[in-house]
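Chemist: Got a structure for you, written out below as structure tokens; questions coming shortly.
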Amino acid sequence: MTGYTAPLRLRLDGDALLSNWRWLARQGGAPACGAAIKADGYGLGAAGVMQRLKDAGCRDFFVSNWGEAAALEAQMDGVNFAVLHGVRDEDMAQALTSRARPVLCTPGQVARWKAASGGACDLMIDTGMNRLGLDWRADLSELVEGLEIVTLLSHLASADEDSDLNPTQLARFRQIRAAVPAQRYSLANSAGICMGADYGFDLTRPGIALYGGVPHADAAPHLRPVVQPQAQILQRRSVIAGDTIGYNATHRAERDLEIAILNIGYADGYLRGFSGRGAALVDGVRLPVLGRVSMDLLAVDVGARPDVAEGDWLTIDYDLPEAAQASGLSQYELLTGLGKRFDRIWA
């Protein structure tokens, strides 16, 4: 719709994004620090994220599928770009002409790529997560013979915990590195970076931490929030003591209240887990969510701010670790669930 301005927006802090990436690059101990920009840049907008990181010197980007790759093809000059889910039959025509490389994950994908003389590729080895990847116990040398492997990857399953699986996966990956030749090797995600340089190898692949998520307590002082949802007040209204607010009357006013109805709800990714637990903010003043979060609307207590009115913008309290604890959602869900109705505004 030409000229339409949404009544809800994401304020995106480009300086914070770059600050996070630079800290992760220093912390990872690897020659290169890449960026996972799958799920539309974790909800921020992949094109904007990629361009800012590329301008700052990032040269390695990762998405999930070829649809995500197609949307970013024009930005791939001068970078390594990998598609983590490999290549299906349906993807081959695009994969053979794209500047992106498939991360081959299964024996079938390896055979498909070889049969097409597909050229340079990446390779995923499963070292204990039992998700995508070739089994680390397989005869990998024979399976991958003839492949031109740029990056050999694995993925840590429990890097955000003090788990025995972490050193086990590290030891297995070292075995793979000795057995399967590649130009470079990559193991650490955001949480893996926080485990030290032993996990860095040649390339790290942060995701959630780029966007202000905290994958490990040690990282909290160094990572800055990137995403700030804001919603416009559609109506300010008075609620008489004894009246209820919202669906199923889950909040009954114990006293007269002043509330604001905001243009945001679970269709925008602000889910019902925030009902009675979330808040909006004005100048640091917390305005609690009252009643159920609706599909498109939210009620907050504005009694402490007589100055806010219809048409004003309120910031949603979206500190990722705290919001995750309040809502029962993961930090990943909080970001990737942010809907398409937000205007995304980089600062």
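Chemist: Under 8 Å for C-alpha pairs, at least 6 residues apart: give me the relative contact order for the chain, rounded to a whole percent. Could the numbers behind the result be given before it?
Modeler: Working: 751 pairs, mean separation 68.3, N = 347.
That works out to 20 percent.
Chemist: Further question: Taking 7 Å along the Cα-to-C-beta vector as the label spot, tell me the Arg277-Glu142 distance in nanometres, rounded to one decimal.
Modeler: If labels sit at Arg277 and Glu142, their model points lie 5.2 nm apart.
Chemist: Summarise the accessible area of the range 277-347 (1.4 Å probe, protein heavy atoms) by the percent that is carbon and sulfur.
Modeler: Working: 1720 of 3420 Å².
Carbon and sulfur atoms account for 50 percent of the accessible area of the range 277-347.
Chemist: If you take the charge dipole of the chain about its Cα centre, with +1 on Lys and Arg Cβ and -1 on Asp and Glu Cβ, which of Asn80, Gly14, Gly29 is farthest toward its positive end?
Modeler: Projecting each Cα onto the dipole axis, the largest value belongs to Asn80.
Chemist: Would you mind getting the accessible area per residue of the range 205-310, heavy atoms of the protein chains only, 1.4 Å probe, in Å²?
Modeler: Values: 4950 Å² over 106 residues.
On a per-residue basis, 47 Å².
Chemist: Of the candidates Ala70, Ala36, Ala116, which one comes out as most mobile in a Gaussian network treatment of the chain with C-alpha springs shorter than 10 Å?
Modeler: Ala116
Chemist: Separate question: So how tilted is helix 165-179 from the main axis of the chain? Cα-based, degrees 0 to 90, rounded to 10.
Modeler: The angle comes out at about 30 degrees.
Chemist: While we're looking at this one, here's another question. Each residue of the range 119-131 in turn: what ³J(HN,Hα) in whole Hz from Karplus with 6.51, -1.76, 1.60 and θ = phi - 60°, glycine and Pro shown as x?
Modeler: Values per residue, Gly and Pro as x: x, 4, 8, 10, 9, 9, 10, 7, 10, x, 8, 6, 10 Hz.
Chemist: While we're looking at this one, here's another question. For the range 58-71, in order, what is each residue's ³J(HN,Hα) by Karplus, 6.51 cos²θ - 1.76 cosθ + 1.60 with θ = phi - 60°, in whole Hz (x at glycine and Pro)?
Modeler: Taking θ as phi minus 60°, the curve returns 5, 10, 9, 10, 9, 10, 8, 9, 6, x, 5, 5, 4, 5 Hz for the range 58-71.
Chemist: What list of ³J(HN,Hα) values in whole Hz, one per residue of the range 213-222 in order, does the Karplus curve 6.51 cos²θ - 1.76 cosθ + 1.60 (θ = phi - 60°) give from phi, with Gly and Pro shown as x?
Modeler: Result, rounded to whole Hz: x, 10, x, 7, 4, 5, 7, 3, x, 9.
Chemist: Okay, moving on. Can you give the accessible area per residue of the range 25-138, in Å², using a 1.4 Å probe?
Modeler: Working: 4600 Å² over 114 residues.
Heavy-atom SASA per residue in the range 25-138 reads 40 Å².
Chemist: Next up: Along Cα→Cβ, 7 Å out, is where each label goes; now give me the distance between the ones at Asp164 and Asn248 in nm to one decimal.
Modeler: Inter-label distance under the simple model: 4.2 nm.
Chemist: Still on this model: How far, in nm, would the chain grow between Asn130 and Ala116 when pulled straight, counting 0.36 nm per residue and subtracting the alpha carbon separation? Each step should come with its number before you reach the end.
Modeler: Numbers: separation 14, 0.36 × 14 = 5.04 nm, distance 2.75 nm.
That pair, Asn130 and Ala116, stretches by 2.3 nm at full extension.
Chemist: Here's another thing I want to ask about it. Calculate, for Ala241 and Met295, the FRET efficiency according to 1/(1 + (r/R0)^6) with r their C-beta to C-beta distance and R0 25 Å; round to the nearest 0.05. It would help to have the intermediate numbers written out before the result.
Modeler: On the way: r = 28 Å, r/R0 = 1.11.
FRET efficiency, Ala241 to Met295: 0.35.
Chemist: Also, I was wondering about something else. For the range 46-121, give the percent of accessible area contributed by carbon and sulfur heavy atoms, probe 1.4 Å, rounded to a whole number. Before the final figure, lay out the partial values.
Modeler: Numbers: 1550 of 3060 Å².
Summing carbon and sulfur atoms, their accessible area is 51 percent of the total for the range 46-121.
Chemist: Students sometimes get this wrong: rank Glu161, Glu258, Glu145 by accessible area, probe 1.4 Å, all chains present, largest first.
Modeler: Working: Glu161 110, Glu258 60, Glu145 130 Å².
Putting Glu161, Glu258, Glu145 in descending order of accessible area: Glu145, Glu161, Glu258.
Chemist: In the chain, what percentage of the DSSP-assigned beta bridges are antiparallel, given to the nearest 5?
Modeler: Details: 27 of 53 bridges.
Antiparallel: roughly 50 percent of the beta bridges in the chain.
Chemist: Counting only protein heavy atoms and a 1.4 Å probe, tell me what percentage of the range 124-203's accessible area is made up of carbon and sulfur.
Modeler: On the way: 1550 of 3690 Å².
C and S fraction of accessible area: 42 percent.
Chemist: Please arrange Lys38, Lys54 by accessible surface area, largest first, computed with a 1.4 Å probe and ligands excluded. Working shown, then result.
Modeler: Values: Lys38 60, Lys54 35 Å².
Sorted descending by solvent-accessible area, the residues read Lys38, Lys54.
Chemist: Right, something else. Quote the FRET efficiency, to the nearest 0.05, computed for Ala304 versus Ser330 with a Förster distance R0 of 30 Å and r equal to the Cβ-Cβ distance. Working shown, then result.
Modeler: Working: r = 31 Å, r/R0 = 1.02.
The pair Ala304/Ser330 has a calculated efficiency of 0.45.
The values are calculated or read from the model by the stated rules, or taken from the named source; none is laboratory data. No experiment lies behind these values; they were computed from the predicted model shown. Heads up, the Cβs are rebuilt from the backbone with ideal geometry, glycines too, and the neighbour counts pull from every protein chain shown. The accessibility values were calculated without ligands, DNA or RNA, using every heavy atom of the protein model including side chains. Shrake-Rupley method; radii C 1.70, N 1.55, O 1.52, S 1.80 Å.
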